[in-house]
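Asker: Mind having a look at this structure? Questions to follow.
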Amino acid sequence: MKQRTLKKWLAAVLLALTVLVSGCSSSLNEEASSLGTLGTFSAQTLDGAPFTNEDLGKYDLMVLNFWTTTCGPCISEMPDLAEFEQALPDNVRFATVCLDAQGNEDAVRTILNEAGYEGLTLTSGDGDYASVCGKVQATPTTVLVLPDGTFVGDIVLGTQEDFSGTMLKAINQALSDAGKAEITLDA
């Protein structure tokens, strides 16, 4: 009996370690369009400012990274996100979306500050924003959004060994498909 319990315990530990190492998700090729659209919404930033579908229209492409304060891989990739966000040209905007920010604003700020992330973070919202957040099944999840709120490309699940390289390839494919010029990242 004890040996069976030990085996179950070890299996649970191995499963937990696998999730911890690979991210709070498993790798899955799913089209980002499965999340719906961001056609009409109103969201709030961590700083309390509004962010709406009209703000999407200011950029050729928006990159959204969904995360939570309880996801270790999300937090460990945050310095890479900070570096990536700072290297983007003006026509592509990056934002994090903290799914558990409500009531955890101080923890969110601490995580972002420690990572050196100074960009946009969305914390709550309604309309299509709430619908999309409700469909995100794992974190970290990164997606691309066109100015009209349409999601394009594949969902990028889990942490990436080369986040900037992975996202640059996806961004340039989306920009090319939309008839826009490809980008490079500032060093």
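Asker: Taking the stretch 132-187 on its own, how many of its residues are crowded, with 20+ Cβ neighbours inside 10 Å and among the basic types (K, R)?
Answerer: 0
Asker: Would you mind finding the one in D90, D128 that is closer than 19 Å to M62 by Cβ, of a type in the set (D, E) and in contact with a strand residue (DSSP E or B) (Cβ under 6 Å, 6 or more places away or on another chain)?
Answerer: After ruling out the rest, the residue left standing is D128.
Asker: Filtering the stretch 135-187 down to residues that are outside any loop (DSSP other than H, G, I, E, B) and of a type in the set (D, E), which residue is nearest to the chain's Cα centre (by Cα)?
Answerer: Of all residues in the stretch 135-187, those outside any loop (DSSP other than H, G, I, E, B) come to 135, 141-145, 150-157, 163-177.
Of the ones still in play, those that are also of a type in the set (D, E) are 154, 177.
On the way: D154: 13, D177: 22 Å.
Checked the stretch 135-187; the qualifying residue nearest to the chain's Cα centre (by Cα) is D154.
Asker: Then there's this: Give me the residue from the stretch 89-111 that is open to solvent by less than 40 Å² (accessible area, probe 1.4 Å) and among the hydrophobic types (A, V, I, L, M, F, W, C) and, out of that set, nearest to A43 (Cα to Cα).
Answerer: V97
Asker: Say whether the condition of being without any contact (Cβ under 8 Å) to a residue 60 or more places away in the chain, crowded, with 20+ Cβ neighbours inside 10 Å and farther than 23 Å from A170 by Cα is met by at least one residue in the stretch 80-88.
Answerer: No: the stretch 80-88 contains no residue that is without any contact (Cβ under 8 Å) to a residue 60 or more places away in the chain, crowded, with 20+ Cβ neighbours inside 10 Å and farther than 23 Å from A170 by Cα.
Asker: Next question. Can you give me the number of residues within the stretch 112-123 that are crowded, with 20+ Cβ neighbours inside 10 Å and free of Cβ contacts under 8 Å to residues at least 40 places away in the same chain?
Answerer: 1
The values are calculated or read from the model by the stated rules, or taken from the named source; none is laboratory data. Since the structure is predicted, the reported quantities are computational estimates derived from the model, not experimental observations. For neighbour counting, all protein chains shown are included, and Cβ atoms are generated from backbone atoms with ideal geometry for every residue, glycine included. Only protein heavy atoms, including side chains, enter the accessible area calculation; ligands, DNA and RNA are left aside. Shrake-Rupley method; radii C 1.70, N 1.55, O 1.52, S 1.80 Å.
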